[in-house]
Number of protein chains: 2
Amino acid sequence: MSVVPIKKAPEPTIRRLPDYYHYLKWMQSNGREVVSCTHIARDLDLDPTQVRKDLAVTGIRGKPKVGYLVTPLIESIENFLGWNNLTDAFLVGAGSLGTALLGYQGFKQYGLNIVAAFDKDKRKIGKKIHGKEVLPLDKLPGLAERMHILIGVISVPAESAQAAADVMVEGGIRAIWNFAPVSLDLPEDMVVQNENLASSLAVLSRQLAEAVK
Amino acid sequence: MSVVPIKKAPEPTIRRLPDYYHYLKWMQSNGREVVSCTHIARDLDLDPTQVRKDLAVTGIRGKPKVGYLVTPLIESIENFLGWNNLTDAFLVGAGSLGTALLGYQGFKQYGLNIVAAFDKDKRKIGKKIHGKEVLPLDKLPGLAERMHILIGVISVPAESAQAAADVMVEGGIRAIWNFAPVSLDLPEDMVVQNENLASSLAVLSRQLAEAVK
DNA sequence: TTTCAATCGAGAAATATTTATCGATAAGAA
DNA sequence: TTCTTATCGATAAATATTTCTCGATTGAAA
Ligand SMILES: NC(=O)c1ccc[n+]([C@@H]2O[C@H](COP(=O)([O-])OP(=O)(O)OC[C@H]3O[C@@H](n4cnc5c(N)ncnc54)[C@H](O)[C@@H]3O)[C@@H](O)[C@H]2O)c1
Ligand SMILES: NC(=O)c1ccc[n+]([C@@H]2O[C@H](COP(=O)([O-])OP(=O)(O)OC[C@H]3O[C@@H](n4cnc5c(N)ncnc54)[C@H](O)[C@@H]3O)[C@@H](O)[C@H]2O)c1
């Protein structure tokens, strides 16, 4: 009965969507108006049927013999992922990685707008990093609530991650993007994504071991 | 016929292995000597059977009623992932993200040792970042060959990523960890992992959209 | 207008992955 | 010693995901 039908899509599909999105943006900037699954699949090294199924979850429909219209397809993906309007976010841990994340312009494209950073280091508090203020952690809950912040990014050392998460929960944050290599203990209704660099590295290491064996 | 039997393991399993690894290291540092799948599963919020199957791919065997010995289990995972000895790597793109990666001590734990960085920016070349030299890109192939570097990390802007990859291939590098949001066109026998932050963010965005709908 | 080739969409088949079941084993209690 | 319980390992069942097949549609060429 909702206006935007929330179809549940396989997670692997959702993970591939950004690849299509980048590809399509690039096609668009090249003046391309239509594109078929066959071509996308060839360029992205995927199965054409899979591309078709993946795109279908966003609700788009293609035309036989031609394919999909690039611009509506981009919009369809943006809409599906909620990337059509910016969501403000807070970051905790303005260290090495945190600084890189604060400065990354690319997130805007994905609907993510990190508006402020929080840290416990007195030397960092009050400073600005890439134009964003660094505030003391205890200010987070109040501000998050007041500003209706929904997303929190954690880039503190592993041992402080749970504490950072707790503060976020306190501030009414609903989704956490966690860069620390620990699994967080959170209320049922919280959304979490662990950005686990070690996972990718594990796959890489393993494949390399197999390749050079 | 190989000495180390290369069983092919499901990729999801390999991706979970680092989580067990961290968890076990932590258990170890707490003086824990044995641990069962049941406990691991509870703490990591997984299915006990899955934990058992995952650990089994590394070749370890547990004891009924007790579980697994922590230290041998850690070694078994390290061995399986090739994390028991350091592999040297080169990084291309000493920018914002590259700097964070160069300074990250955690990679050592995963058997990865970034020994030098390469960039095209004259102002960066010759400098040291976190104790690692920044060299001109055209030095990469020769050095990589001479030092038998097998792993390359790409942290240049998307439009330069393919060029960086090509140079790595030229230098005999066999595995690429790519942080740029593009899919690289590489020879068959190259190993690649795209560290796609956008993928995680997509899942997060989507789940958040569903959670607050 | 008719034919042809490219492509879509839907459903079926094949694979991969996760979850459940069950007998065997070991440690500790009775 | 015997009983009980937690756990393992193997196999089976269930579920999820990818890949295949095929009829329908469309635009362009004959
Ligand atoms: N640097 C990388 O390339 C990299 C790569 C993968 C994962 N990570 C993970 O990201 C996290 C951060 O890594 P980093 O290299 O940026 O570390 P870092 O030490 O450079 O930065 C950590 C920051 O968190 C702050 N901090 C510590 N405890 C805090 C607390 N309780 N509340 C608020 N702020 C606190 C510190 O003051 C510091 O500014 C770590 O968990 C690390 O494992 C980093
Ligand atoms: N910063 C982040 O948090 C972040 C997050 C996700 C993904 N990324 C991706 O990582 C990559 C790097 O991001 P960044 O923020 O560090 O960018 P950056 O601009 O800070 O750094 C890029 C570096 O690459 C160098 N470079 C450019 N072209 C080169 C070439 N052809 N050869 C050698 N060096 C070259 C530049 O001199 C610069 O030092 C980008 O592809 C970006 O999309 C970054």
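Yes or no: the range A:1-23 includes at least one residue that is more than 10 Å from DNA strand C (Cβ to nearest atom) and more than 12 Å from chain B (Cβ to nearest Cβ). Taking every residue of the range A:1-23 in turn, none turns out to be more than 10 Å from DNA strand C (Cβ to nearest atom) and more than 12 Å from chain B (Cβ to nearest Cβ). When residues in the range B:66-85 are screened for being out of contact with any helix residue (DSSP H, G or I) (no Cβ under 6 Å at 6 or more places or on another chain) and either modelled with pLDDT under 95 or within 11 Å of chain A (Cβ to nearest Cβ) (or both), 5 of them pass. For the range A:62-71, a tally of residues being under 19 Å from A:ARG16 (Cβ atoms) and either out of contact with any His (no Cβ under 9 Å at 6 or more places or on another chain) or surrounded by fewer than 14 Cβ atoms within 10 Å (Cβ to Cβ) (or both) returns 3. Every listed requirement among (1) within 7 Å of chain A (Cβ to nearest Cβ); (2) in contact with a strand residue (DSSP E or B) (Cβ under 9 Å, 6 or more places away or on another chain) is met by B:ALA209 save one, (2). Only one entry of A:ASP43, A:ASP47 meets the criterion of being within 16 Å of DNA strand D (Cβ to nearest atom), farther than 30 Å from B:HIS130 by Cβ, of a type in the set (Asp, Glu) and more than 14 Å from every other protein chain (Cβ to nearest Cβ), and that entry is A:ASP47. The single condition from (1) without any contact (Cβ under 8 Å) to a residue 24 or more places away in the chain; (2) closer than 21 Å to A:GLY98 by Cα; (3) assigned to a strand (DSSP E or B) that B:GLU133 fails is (2).
Within the range B:155-192, being within 7 Å of chain A (Cβ to nearest Cβ), within 15 Å of the chain's Cα centre (by Cα) and surrounded by fewer than 21 Cβ atoms within 10 Å (Cβ to Cβ) holds for one residue alone: B:ARG174. Filtering the range B:81-109 to residues that are of a type in the set (A, V, I, L, M) and either within 16 Å of DNA strand D (Cβ to nearest atom) or over 25 Å from B:ARG123 (Cα atoms) (or both) leaves B:LEU81, B:LEU86. What are the residues in the range B:12-26 that are within 13 Å of DNA strand D (Cβ to nearest atom) and of a type outside the set (Ser, Thr, Tyr), if any? Those that are within 13 Å of DNA strand D (Cβ to nearest atom) and of a type outside the set (Ser, Thr, Tyr): B:PRO12, B:LEU24.
Selection of the range B:50-60 for residues being within 13 Å of another protein chain (Cβ to nearest Cβ) and among the polar types (S, T, N, Q) yields only B:THR58.
Remark: B:GLY98 falls outside the filter, which requires a residue to be away from ligand 2 (no atom under 13 Å from the Cβ), touching a residue at least 12 places away in the same chain (Cβ under 8 Å) and of a type in the set (Gly, Ala, Ser).
Residues are listed down the side, and each one gets a yes or a no for (1) within 14 Å of chain A (Cβ to nearest Cβ); (2) without any contact (Cβ under 8 Å) to a residue 60 or more places away in the chain; (3) within 16 Å of ligand 2 (Cβ to nearest atom); (4) within 19 Å of the chain's Cα centre (by Cα):
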position	(1), (2), (3), (4)
B:GLY62	no, yes, no, no
B:LEU102	yes, yes, yes, yes
B:PHE118	no, yes, yes, no
B:LEU137	no, yes, yes, no
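Screening A:LEU143 on (1) in contact (Cβ under 8 Å) with a residue 60 or more places away in the chain; (2) part of a helix (DSSP H, G or I); (3) among the hydrophobic types (A, V, I, L, M, F, W, C) shows it passes everything except condition (1). Restricting attention to the range A:167-194, the residues that are within 19 Å of B:ALA211 (Cβ to Cβ) and either charged (D, E, K, R) or in a helix (DSSP H, G or I) (or both) add up to 7. Picking from residues in the range A:195-213 that are part of a loop (DSSP other than H, G, I, E, B) and either charged (D, E, K, R) or away from ligand 1 (no atom under 15 Å from the Cβ) (or both), the one that is surrounded by the fewest Cβ atoms within 10 Å (Cβ to Cβ) is A:LYS213. Scanning the range A:8-28 for residues that are at pLDDT 95 or above and away from ligand 2 (no atom under 16 Å from the Cβ) returns A:PRO10, A:GLU11, A:PRO12, A:THR13, A:ILE14, A:ARG16, A:LEU17, A:TYR20, A:LEU24, A:MET27, A:GLN28. Listed by first and then second residue, the pairs with beta-carbon distance under 8 Å, at least 6 apart or on different chains, first residue in the range A:38-60 and within 13 Å of A:ILE14 (Cβ to Cβ), second hydroxyl-bearing (Ser, Thr, Tyr), are A:LYS53/A:THR13; A:ASP54/A:THR13; A:ASP54/A:TYR20; A:LEU55/A:TYR20; A:LEU55/A:TYR68; A:LEU55/A:SER76; A:VAL57/A:THR13; A:THR58/A:SER76.
The values are calculated or read from the model by the stated rules, or taken from the named source; none is laboratory data. A quick note: this is a predicted structure, and the numbers were derived from the prediction, not measured. Neighbour counts run over all protein chains shown; Cβ positions are idealised from the backbone, glycine included.
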